[in-house]
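Working notes for the structure below.
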Amino acid sequence: MKLQFKHQKFQADAAKAVVDVFAGQPYLTPTYMMDRGTGTYQLGMNEDNDFTGWSNAKIVPELSDGQILEHIRKIQRAGQIEPSQKLEGEYNLTIEMETGVGKTYTYIKTMYELNKAYGWTKFIVVVPSIAIREGVYKSFQVTQDHFAEEYGKKIRFFIYNSSQLTEIDRFASDSSINVMIINSQAFNARGKDARRIYMKLDEFRSRRPIDIIARTNPVLIIDEPQSVEGKQTKERLKEFHPLLTLRYSATPREYYNLIYRLDAMDAYNKKLVKKIAVKGITESGTTATDGFVYLEGLNLSKSAPTATIQFDCKRASGIKPMSATVTEGYNLFDHSGELPEYRDGFVVKRIDGRDDSVEFINGIKLYAGDVIGKVDENQLRRIQIRETILSHIERERELFNKGIKVLSLFFIDEVDHYRVYDKNGQPQNGIFADMFEQEYADVVGNLQREFGDDEYMQYLASIPVEKTHAGYFSIDKKGRMINSKVGKKKTTSDDIDAYDLIMKNKELLLDRDPKRSPVRFIFSHSALREGWDNPNVFQICTLKSSSSEIRKRQEVGRGMRLSVNQDGERMDAGVLGNDVQNVNVLTVIASESYESFAKGLQSEIAEDIADRPRAVTRDLFLNRVVTDDHGNEMVIDSDAASAIMYEMTANRYVDRKGVLTDKYYEDKANGELKMAEEVKGFEPAVVDIIDSIYDPKAMTPENARSNNVELQVDEEKLNSKEFKALWSRINAKSVYVVDFDTDELVRKSIAALDSKLSVAKIYFKVESGSMVEIQSKEQLRSGAAFVRESSSTIGTKQAIVASKSVTYDLVGRIVESTGLTRKAVIQILTGIHKATFDQFKYNPEEFILKASQLINDEKATAIIEHITYSVMDDHYGTDVFTEPTIKGKLGTNAMKAKKHLYDHIVYDSTNERDFATELDTNTDVAVYVKLPDGFYISTPVGHYNPDWAIAFYEGSVKHIYFVAETKGSMSSMQLRLIEKSKIHCAREHFKAISSDNVVYDVVDSYKSLMEKVMK
């Protein structure tokens, strides 16, 4: 399998933020004569060429520190980041990116963009460990073809090795993009090998490797600087003479001019990583029994609920735990072989799906995940292993038809727990491997066959239990698995052979063919937790002793990346739409309660994003720059900030401490947020500011046991004449054509640029002043002791003129941003007024950005005005209802339904819940369905999923078949332009496929629906 890589906006935005800091720097590729050294060496035909070095051009004097700081502040304001007070050296930039979103991909892309903009070719990636070094090297390998296709060139990359010094000469003398990957120990440790980079070496012609590297003015990229930069390392890094230093981290400790942020909260809310669910296990002692009872979970359906319980059972071979599905009245004493510990009242009295509990007649009440009685360490590990297998099979079954291979990962402390060797050196199962094989055989052997499961059951049958698990550990000279070595004050290992094994098998592990790749369960040493991950890890289970200290963020980090299918395609929002975090769920099987694990994880996240505001205040909005759907900017002044805060308080969206309330989230989900009149049109941008508040509720991992309802299609309704009639009228697929006049688009774009394009000039501001007196220490700190006496503004001494080559690049950049042809872009640029075009030389980057935005606005309007849909012969099948797995929690976001196509309904908001309740109880409604994400309409602005399809009884209303989009109070907040566009496209789609048989409209309540169907 070859992994596919996509162009993702957030990664391009992060790269652009770095490039924009140095806007105005010309494209330069300087050369110099390298130090030839002394001693004997072989020369080529052209001696000068052999010693020509290529370096990164230094920042031109015209680009002052003041300008660069202003560029940084502008980028920060646009990204809702607090503007920097000063430059942190020349030049230090921080890019915060959450684990699992493609940090390495982003800085490789940034290298290409810096090379494209300014000609820079020398880069050094500094990493904290061998583990991360190997992972970074692998990323350069697997992305090489992808980037070569985009940029037309390849990067030459290598790992620094003090015994292969010719690579350093090549690094300096090669004119292409060169990247050296080095772990900090290679130049910062006390060993002889680490010191070689600073030594004059005979084999390097009496030259110091560090001098050859430093002469190239490299761009330093520090991967996870909080793990690299101690006091000594910071000093050592200066010896590389970096042109600039870029720090990429998920958890930065120091923010040096932060220019881009995508932290844990952003990544989670934007659905760029997996959703986290936790299966907790709660041990609770009881005086009623010494017997072992574990409540695995409840099974809810139309019929009476059942529960799955583990308890001890007397067998011929001794007392062993058994698992049974029980109903009310089930007697554990009878089914345990009459073990005395279950004699006193262990008869199931009540099974309650509302709180996932089972109560016995002796008064003992267990909740899902609870375990009572004598539970030793091995019994707890067995429960964890079984729960991992159960979660794996459930997830695998759900994703089988999507072509996604599911992997589970076990971390263990001792290799002997997984693999032991007899006196002849032959490998045998350790205790955990034995437990796994026993529990796997039991779970698979008792698996109930479901409708449409034949292919999956064949897949399971084709994989022998002993081949579906494997160990990834260090290997000794005899080929035996051994524990990874961990240095003092470390929690992770640098074992190269173990990482090599994991990295080489990354793509093979993703292959679902049982003959080529039967391994689905991986056992690895708990020290191997850094520097590698696999996108298809869906379950993580740490089988560790209670004394082991592992950060929970680190524990889940190996499985946060979004999964890929058998074509290597990432299963993100572009493929799955709103279903992305229903498919991509990472389940942690914890050895503690859900509450304990969730609290620990939340506290770590809170610690890692400590600089986020914790409360909504007036200052949160003051001086923030917000943008509307048309790209117009507004600075929130004091009056507007006060007005926003007043509305937030008046509508009970914040409590006395400024913490967001449930009312805020409820109105937001219903589309009913009320905003101050002063920010009308900018509401979505204001909501983005509010959502920047750290809210622990938003980051709470899901309780894996809470979704106790799985929706089942009601076969009777699916085959009813009313649903068949509705489905036959709406299941046709369509194709759209946008037949707009290019000349018209060119004319409108010219008019828009001439009337709206305004580009700020680049200038120097010269200020002078003096310090008259010092009144206080605080006055000195704030800079108030200096009094400004005069200031003047001077234009750049050397104007940045758009030469022919720059004009060509201008056209190419706008073509890239708008998707128009070169001919159309040239017509637009040659058609605008000279004064409009002359703005290009003042600030080329801003000209390109704003011009592209204005052209895209005109293009979007033209698309919507001129789109037509035609019906296709292809139709959606009923598998859009039967294939997806939809789950919810009864009483929280799920309720029983009578007229819904499924036996229950899962709702996203109180507005949806109320709407469904009205549909379910109205006598005019025959059948309705909340349409799954698999049913969508293609539009130029992405897939669109209508909310509801409803069939009324004939004769009760004028329009029998209705497709509804439910929005909140539509007057309170404007629909965003993209939503309006999708709704317009949906209207055209339904007109094309159903004539007047089906009505499509947007409603905000059941009352407005009835008004429309009666017209």
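The values are calculated or read from the model by the stated rules, or taken from the named source; none is laboratory data. In this text the structure is predicted, and so the values were computed from the model without any measurement. Virtual Cβ from ideal backbone geometry, glycine too; neighbours counted across all protein chains shown. Note: areas computed on protein heavy atoms with side chains; ligands, DNA, RNA excluded. Shrake-Rupley method; radii C 1.70, N 1.55, O 1.52, S 1.80 Å.
For the stretch 122-164, the set of residues classified as open to solvent by less than 30 Å² (accessible area, probe 1.4 Å), out of contact with any Leu (no Cβ under 6 Å at 6 or more places or on another chain), not in a helix (DSSP H, G or I) and not basic (Lys, Arg) consists of 123, 125, 126, 127, 128, 129, 155, 158, 160, 162, listed by residue number. Out of everything in the stretch 1-33 that is in a loop (DSSP other than H, G, I, E, B), over 29 Å from residue 272 (Cα atoms) and of a type in the set (S, T, N, Q), what residue ends up being least open to solvent (accessible area, probe 1.4 Å)? Among those that are in a loop (DSSP other than H, G, I, E, B), over 29 Å from residue 272 (Cα atoms) and of a type in the set (S, T, N, Q), it is 25.
Remark: pairs (first residue in the stretch 866-887, more than 19 Å from residue 726 (Cβ to Cβ) and free of Cβ contacts under 8 Å to residues at least 60 places away in the same chain; second residue among the polar types (S, T, N, Q) and not in a strand (DSSP E or B); Cβ separation under 7 Å; 6+ apart in sequence or on different chains) are absent.
This table checks each residue for (1) modelled with pLDDT of 85 or more; (2) over 30 Å from residue 573 (Cβ atoms).
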{"residue": "223", "(1), (2)": "yes, no"}
{"residue": "228", "(1), (2)": "no, yes"}
{"residue": "244", "(1), (2)": "yes, yes"}
{"residue": "258", "(1), (2)": "yes, no"}
{"residue": "261", "(1), (2)": "yes, no"}
{"residue": "283", "(1), (2)": "no, yes"}
{"residue": "306", "(1), (2)": "yes, yes"}
{"residue": "317", "(1), (2)": "no, yes"}
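Among the residues of the stretch 98-114, those identified as more than 13 Å from the chain's Cα centre (by Cα) and open to solvent by 10 Å² or more (accessible area, probe 1.4 Å) are 104, 105, 109, 113. The single condition among (1) at pLDDT 90 or above; (2) under 19 Å from residue 182 (Cβ atoms); (3) of a type outside the set (Ser, Thr, Tyr) that residue 113 does not satisfy is (2). At pLDDT 90 or above, out of contact with any Gly (no Cβ under 8 Å at 6 or more places or on another chain), surrounded by 16 or more Cβ atoms within 10 Å (Cβ to Cβ) and part of a helix (DSSP H, G or I), is that true of residue 824? Criteria met by residue 824. May I ask you to list pairs of residues, at least six apart or on different chains, whose Cβ atoms are under 9 Å apart, with the first in the stretch 598-610 being closer than 18 Å to residue 254 by Cβ and the second being surrounded by 16 or more Cβ atoms within 10 Å (Cβ to Cβ) and aliphatic (A, V, I, L, M)? What qualifies is 608/250; 608/264; 609/264; 609/265; 609/699. Helices (runs of 4 or more DSSP H) fully within the stretch 175-263 that include at least 2 residues being surrounded by 16 or more Cβ atoms within 10 Å (Cβ to Cβ): 185-188, 209-214, 231-238. Condition check: at pLDDT 85 or above and of a type in the set (S, T, N, Q). Does residue 627 satisfy that? Considered against the rule, which asks whether it is at pLDDT 85 or above and of a type in the set (S, T, N, Q), residue 627 comes out as no.
Give the residues of the stretch 916-931 that are open to solvent by 10 Å² or more (accessible area, probe 1.4 Å) and in contact with a helix residue (DSSP H, G or I) (Cβ under 6 Å, 6 or more places away or on another chain), sorted by residue number. Scanning the stretch 916-931 gives 918, 926.
The residues of the stretch 882-913 that are over 32 Å from the mean Cα position of the chain (by Cα) and of a type in the set (D, E, K, R), listed by number, are 896, 898, 899, 903. Scanning the stretch 715-742 for residues being open to solvent by 20 Å² or more (accessible area, probe 1.4 Å), not polar (S, T, N, Q) and not in a helix (DSSP H, G or I) gives a total of 8.
For the stretch 521-540, taking the residues that are within 22 Å of the chain's Cα centre (by Cα) and open to solvent by 10 Å² or more (accessible area, probe 1.4 Å), the one that is modelled with the lowest pLDDT is identified as 531. For the subset of the stretch 83-97 comprising residues that are touching a Leu at 6+ places or on another chain (Cβ under 8 Å), of a type outside the set (Ser, Thr, Tyr) and assigned to a loop (DSSP other than H, G, I, E, B), which member is least open to solvent (accessible area, probe 1.4 Å)? Filtering the stretch 83-97 for residues that are touching a Leu at 6+ places or on another chain (Cβ under 8 Å), of a type outside the set (Ser, Thr, Tyr) and assigned to a loop (DSSP other than H, G, I, E, B), the one least open to solvent (accessible area, probe 1.4 Å) comes out as 87. Within the stretch 669-686, the set of residues being buried (at least 16 other Cβ atoms within 10 Å of the Cβ) and at pLDDT 85 or above comprises 673, 675, 676, 678, 679, 682, 683, 684, 685, 686.
Tell me yes or no: at least one residue of the stretch 505-520 is polar (S, T, N, Q), modelled with pLDDT under 90 and part of a loop (DSSP other than H, G, I, E, B). Scanning the stretch 505-520 turns up at least one residue that is polar (S, T, N, Q), modelled with pLDDT under 90 and part of a loop (DSSP other than H, G, I, E, B). Listed by position, the strands (runs of 3 or more DSSP E) enclosed by the stretch 399-440 that each have at least 3 residues that are in contact with a Phe, Trp or Tyr (Cβ under 7 Å, 6 or more places away or on another chain) are 407-412.
Has the stretch 133-152 got at least one residue that is over 20 Å from residue 171 (Cα atoms), among the hydroxyl-bearing types (Ser, Thr, Tyr) and in contact with a Lys or Arg (Cβ under 8 Å, 6 or more places away or on another chain)? Scanning the stretch 133-152, I find at least one residue that is over 20 Å from residue 171 (Cα atoms), among the hydroxyl-bearing types (Ser, Thr, Tyr) and in contact with a Lys or Arg (Cβ under 8 Å, 6 or more places away or on another chain), so the answer is yes.
Annotation: of all residues in the stretch 543-577 being open to solvent by less than 30 Å² (accessible area, probe 1.4 Å) and among the acidic types (Asp, Glu), the one that is modelled with the lowest pLDDT is 555.
Would you confirm whether any residue within the stretch 893-906 is open to solvent by 10 Å² or more (accessible area, probe 1.4 Å), aromatic (Phe, Trp, Tyr) and more than 27 Å from residue 673 (Cα to Cα)? Checked the stretch 893-906: no residue is open to solvent by 10 Å² or more (accessible area, probe 1.4 Å), aromatic (Phe, Trp, Tyr) and more than 27 Å from residue 673 (Cα to Cα).
Applying a threshold of 7 Å to beta carbon distances and a minimum spacing of six or more residues, or different chains, the list of pairs starting in the stretch 847-862 at a residue that is within 21 Å of residue 835 (Cα to Cα) and without any contact (Cβ under 8 Å) to a residue 40 or more places away in the chain and ending at one that is open to solvent by less than 10 Å² (accessible area, probe 1.4 Å) and among the β-branched types (Val, Ile, Thr) reads 848/814; 852/814; 852/818. The set of residues in the stretch 421-459 being open to solvent by less than 40 Å² (accessible area, probe 1.4 Å), in contact (Cβ under 8 Å) with a residue 24 or more places away in the chain, out of contact with any Pro (no Cβ under 7 Å at 6 or more places or on another chain) and more than 20 Å from residue 310 (Cβ to Cβ) consists of 425, 433, 453, 456. Return yes or no: is residue 119 open to solvent by less than 10 Å² (accessible area, probe 1.4 Å) and of a type outside the set (A, V, I, L, M, F, W, C)? Yes, satisfied. Within the stretch 625-640, residues that are part of a strand (DSSP E or B) sit with their Cβ atoms under 7 Å from residues that are small (Gly, Ala, Ser), at 6+ positions apart or across chains, in these pairs: 625/78; 626/685; 627/685. Can you confirm whether residue 635 is hydrophobic (A, V, I, L, M, F, W, C), buried (at least 16 other Cβ atoms within 10 Å of the Cβ) and modelled with pLDDT of 85 or more? So residue 635 does not fit the description; no. Scanning the stretch 348-373 for residues that are in a strand (DSSP E or B), under 42 Å from the mean Cα position of the chain (by Cα) and either of a type in the set (Phe, Trp, Tyr) or buried (at least 17 other Cβ atoms within 10 Å of the Cβ) (or both) yields 351, 357, 358, 366, 367, 370, 371, 372.
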